[in-house]
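*Asks:* I am attaching a structure below and will ask some questions about it afterwards.
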Amino acid sequence: MKKQFYIFFLLLFTAFVSNAQCESDAFLDNCAEMLDDYTYVKVFNVNTDKKITKVEYSSVFSKDHQYILAICGGNQKSQKRMIVNLYDRNKVLISSSYYKPKDLFVPKIGYKCAATGVYYIEAYFEDNAENCGIIILGFKKVTP
């Protein structure tokens with residue numbers, strides 16, 4: 001009986017710690033370093049499981065601003081990488097963190113906005129894996 005209790009406690013603790021890492025200040029700080037000279041706008045939390053395999057967020061982008069999406073997967077539940085796609089207001093793909101022909105992943109996406117409007121950020125993990133991570137949105141004004 002004690003053994004079952006310890007196993008249950010260990011599983012509960014592991015689940016708590018793995019999910020907490022994606023929401024910890026240290027994790028956020030490490031990812032924020034990728035913003036370089038961009039101004040922080042907001043963070044998007046990405047948590048996937050068997051029911052929710054893909055998340056989508058929206059944000060208003062302004063013309064003549066350069067945007068960056070810094071991508072940090074938690075890798076607690078699996079070693080699968082997070083894929084992030086950026087879509088324009090018409091849901092046309094603008095950019096992605098994954099280039100399939102070369103199996104290439106990038107940790108951040110840059111985009112110079114040519115038209116003010118709502119843009120969509122889609123995130124999921126390879127093979128629809130259960131995992132967590134964050135995406136940090138930053139911007140800077142560019143001279144036209």
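The values are calculated or read from the model by the stated rules, or taken from the named source; none is laboratory data. Remember, it's a predicted structure, so these values are computed and weren't measured experimentally. So basically every Cβ, Gly included, is an ideal-geometry build from the backbone, and we count neighbours across all protein chains shown.
*Asks:* In this structure, does Ala70 turn out to be at pLDDT 90 or above, assigned to a loop (DSSP other than H, G, I, E, B) and either surrounded by 16 or more Cβ atoms within 10 Å (Cβ to Cβ) or of a type outside the set (Phe, Trp, Tyr) (or both)?
*Replies:* Against the criterion (at pLDDT 90 or above, assigned to a loop (DSSP other than H, G, I, E, B) and either surrounded by 16 or more Cβ atoms within 10 Å (Cβ to Cβ) or of a type outside the set (Phe, Trp, Tyr) (or both)), Ala70 does not qualify.
*Asks:* Next question, about the same structure. Could you check segment 95-135 and list, in sequence order, the residues that are more than 20 Å from Phe61 (Cα to Cα) and either of a type in the set (Ser, Thr, Tyr) or without any contact (Cβ under 8 Å) to a residue 40 or more places away in the chain (or both)?
*Replies:* Tyr98, Tyr99, Lys100, Pro101, Lys102, Asp103, Leu104, Phe105, Val106, Tyr124
*Asks:* Filter segment 101-131 down to residues that are acidic (Asp, Glu) and out of contact with any strand residue (DSSP E or B) (no Cβ under 7 Å at 6 or more places or on another chain), then give me how many there are. Break it down into steps so the answer makes sense when it comes.
*Replies:* Applying the first criterion (acidic (Asp, Glu)) to segment 101-131 yields 103, 122, 126-127, 130.
Within this subset, residues satisfying the condition of being out of contact with any strand residue (DSSP E or B) (no Cβ under 7 Å at 6 or more places or on another chain) are 103, 127.
Within segment 101-131, residues that are acidic (Asp, Glu) and out of contact with any strand residue (DSSP E or B) (no Cβ under 7 Å at 6 or more places or on another chain) number 2.
*Asks:* Do we have Pro107 as closer than 21 Å to Gly73 by Cβ, of a type outside the set (Val, Ile, Thr) and either at pLDDT below 95 or surrounded by fewer than 18 Cβ atoms within 10 Å (Cβ to Cβ) (or both) here?
*Replies:* yes
*Asks:* Across segment 116-144, which residue is surrounded by the most Cβ atoms within 10 Å (Cβ to Cβ) among those that are over 18 Å from Arg89 (Cα atoms) and β-branched (Val, Ile, Thr)?
*Replies:* Filtering segment 116-144 for residues that are over 18 Å from Arg89 (Cα atoms) and β-branched (Val, Ile, Thr), the one surrounded by the most Cβ atoms within 10 Å (Cβ to Cβ) comes out as Ile135.
*Asks:* Is it the case, given these coordinates, that Ser62 is touching a Ser or Thr at 6+ places or on another chain (Cβ under 7 Å), modelled with pLDDT of 70 or more and among the hydroxyl-bearing types (Ser, Thr, Tyr)?
*Replies:* Numbers: touching a Ser or Thr at 6+ places or on another chain (Cβ under 7 Å): yes; modelled with pLDDT of 70 or more: yes; among the hydroxyl-bearing types (Ser, Thr, Tyr): yes.
For Ser62, the condition - touching a Ser or Thr at 6+ places or on another chain (Cβ under 7 Å), modelled with pLDDT of 70 or more and among the hydroxyl-bearing types (Ser, Thr, Tyr) - is met.
*Asks:* Would you mind telling me which numbered condition in (1) surrounded by 13 or more Cβ atoms within 10 Å (Cβ to Cβ); (2) more than 24 Å from Asn30 (Cα to Cα); (3) among the aliphatic types (A, V, I, L, M) Val60 fails?
*Replies:* The failed condition is (1).
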